[in-house]
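Heads up, the thing below is written out as structure tokens.
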Amino acid sequence: MNEFWQSTYKWTIRITFLTFVLAAIFSIISNMFVLQLHWLFGVFVVLIIIFIGVVSDTIGIAATSACEKPFHAMAANKVEGAKVSIRIVRNADQFSNFCNDVIGDIAGIISGAASAAVIIQVLLTMDSSSTMFENVLKVTATSIVAALTVGGKAIGKAIAIKYSQQIISVVGKILNIIEKKFNIKFFDSKNNKKKAKRGDRDVATNNKSPNDC
């Protein structure tokens, strides 16, 4: 098994397990909150979940759109978070997978489940036994959640592509603070060096690296 597939295999196993754990935790927490709150507060929780999904999707796309070169100049000037931003761009496949597919998709699934819990709260509050009203409420809630999610992500994608450098710069600064505070490091340094070498070979072969602008 070559280096590429070995790295991909390991990442896939880790991210699959992480997704399972996070989905279970977030689903339990969100449903507990929604079922114990008034349905109006439940609606607010659903909107927050949708917002998290949209923001996460935006960050993931920004990582795949951002260029590495400007961050090297920032790192040379000792700008906080620039080195972390370089690591994000070099690992854009894994970073975007986590943001778009893990956080983004989990948020989408949980927002649907949370909206169902809100519907239950509404029915209990109104003491309604009408099947027609229940069906209309379900269809309306599902449609609103879907529309807000898709519409929000459409705006997020446009912002991510236009302001990818600024977004990843901010994310790099935030992750840099987390690294220093908790003494952790995002992404493997050895893997970053290997990806940088592959990028150099791309420049030599095709006169363009995937992260060049």
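Read the figures in this text as sums done on the coordinates, not as results from a lab. Values in this document were obtained by computation on a predicted structure and should not be read as measured data. Heads up, the Cβs are rebuilt from the backbone with ideal geometry, glycines too, and the neighbour counts pull from every protein chain shown.
Results, tabulated for the structure shown:
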{"item": "Dipole of the chain, positive direction: furthest Cα of Asn31, Asn100, Thr8, with charges on the beta-carbon", "result": "Thr8"}
{"item": "Which listed pairs, of Lys78/Lys185; Lys157/Lys180; Lys78/Lys162; Lys157/Lys181, have C-alpha distances above 22 Å, in listed order", "result": "Lys157/Lys180; Lys78/Lys162; Lys157/Lys181"}
{"item": "For peptides 84-90, 4-10, 49-55, sequence by mean Cβ density within 10 Å, most packed first", "result": "84-90, 49-55, 4-10"}
{"item": "Size of charge dipole - segment 3-206 - debye, nearest 20, with Cβ of Lys, Arg +1 and Asp, Glu -1, no other charges", "result": "1200 debye"}
{"item": "For the chain, the fraction of alpha-carbon pairs in successive 10 Å shells from zero, as %", "result": "8, 27, 30, 19, 11, 5, 1, 0"}
{"item": "Top positive-direction residue, dipole computed over the chain with Cβ charges, set Leu175, Ala117, Ala158", "result": "Leu175"}
{"item": "Two-decimal Rg/Rh across segment 46-106, once Rg and the Kirkwood Rh are taken from alpha-carbon atoms", "result": "1.09"}
{"item": "Gained length - Leu35 relative to Glu179, 0.36 nm times residue gap less alpha-carbon distance", "result": "48.3 nm"}
{"item": "Equivalent ellipsoid semi-axes, segment 1-70, via Cα gyration tensor eigenvalues times 5, rooted, Å", "result": "34, 20, 5"}
{"item": "log₁₀ of I(q)/I(0) at q = 0.13, 0.15, 0.23 Å⁻¹ - segment 59-183, Debye sum with one point per alpha carbon", "result": "-0.65, -0.76, -1.24"}
{"item": "Euclidean distance of C-alpha centroids, segment 100-136 and segment 30-78, integer Å", "result": "22 Å"}
{"item": "Highest-first arrangement of 153-165, 100-112, where packing means the average Cβ count within 10 Å", "result": "100-112, 153-165"}
